[in-house]
Amino acid sequence: MKIREIILDFTSLLDVTMIILFFFVLYSSIDVENVSEKAKAAEASYTEMQAENEKEQQEWREKASQEWERILTADSNAAANQEALSAYNDGSGLAFNLHEVESGNVWSLSVLSGNKKLNEISSDDQYKLKDKLKESIKKAGFESDDVIIATFTYDGSSYGTAKAVPIIEDAFISLQRDYKGLYFTSINISK
């Protein structure tokens, strides 16, 4: 019997192994790049979210501080507010009464403190209305830091009030910048 020689040729196996190894190396480096890019994007997103969170916390702190100041101020002004309410109930508050004299563009505004007439402002003075209102408040004896309760009364069924009321209310609102304690209400007596 003759022994046959077996020759094992590993060349093909070695080629296939090298190709597989090459693909593993290639794809693992691509995965590392993808993971690196995802990590950088996540880090940027986290940094952005952290900055937004810090900004929101700062805004919240500012709002809380402002609210705390408002509460402290309201508490310290409680006596002055109560005194102004008592004075208003006693009839010494300010009353502004709008009267239409003729047609839509002509009106007059009576300024009263209790039963005493302080001033009469006409539609001719509407461009100086804020100054005229200041003058009336000073005549009543109020200072810029006093609490002032005022009523603005008008007849809404009258023809000219639709034009006059917004002008006068705007003057009151702009006057509140100078008189922080000025509170006024508009009363329509036609209802």
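No lab work stands behind these numbers, since they all come straight from the coordinates. Since the structure is predicted, the reported quantities are computational estimates derived from the model, not experimental observations. Counting neighbours? That spans all protein chains shown, and the Cβs are built from the backbone with ideal geometry, glycine included.
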Candidate lysines for bridging to residue 180, where Cα separation is under 16 Å - those fewer than 8 sequence places away on the same chain excluded: 130, 134, 138
Ranking of 142, 10 by count of other Cβ atoms within 10 Å, fewest first: 10, 142
Per-selection metrics, segment 11-76 (Cα): Rg and Dmax in Å: 28.2, 96
Residue 17-residue 155 pseudo-label distance in nm [points 7 Å out on the Cα-to-Cβ vector]: 11.1 nm
Karplus 3J(HN,Hα) series, Hz, for segment 49-55 with 6.51 cos²θ - 1.76 cosθ + 1.60 (x for Gly, Pro): 5, 5, 5, 4, 5, 5, 5
Order of 158, 122, 113 under a 10 Å beta carbon neighbour criterion, fewest first: 122, 158, 113
Separation between Cα centres of segment 138-191 and segment 1-64, rounded to whole Å: 72 Å
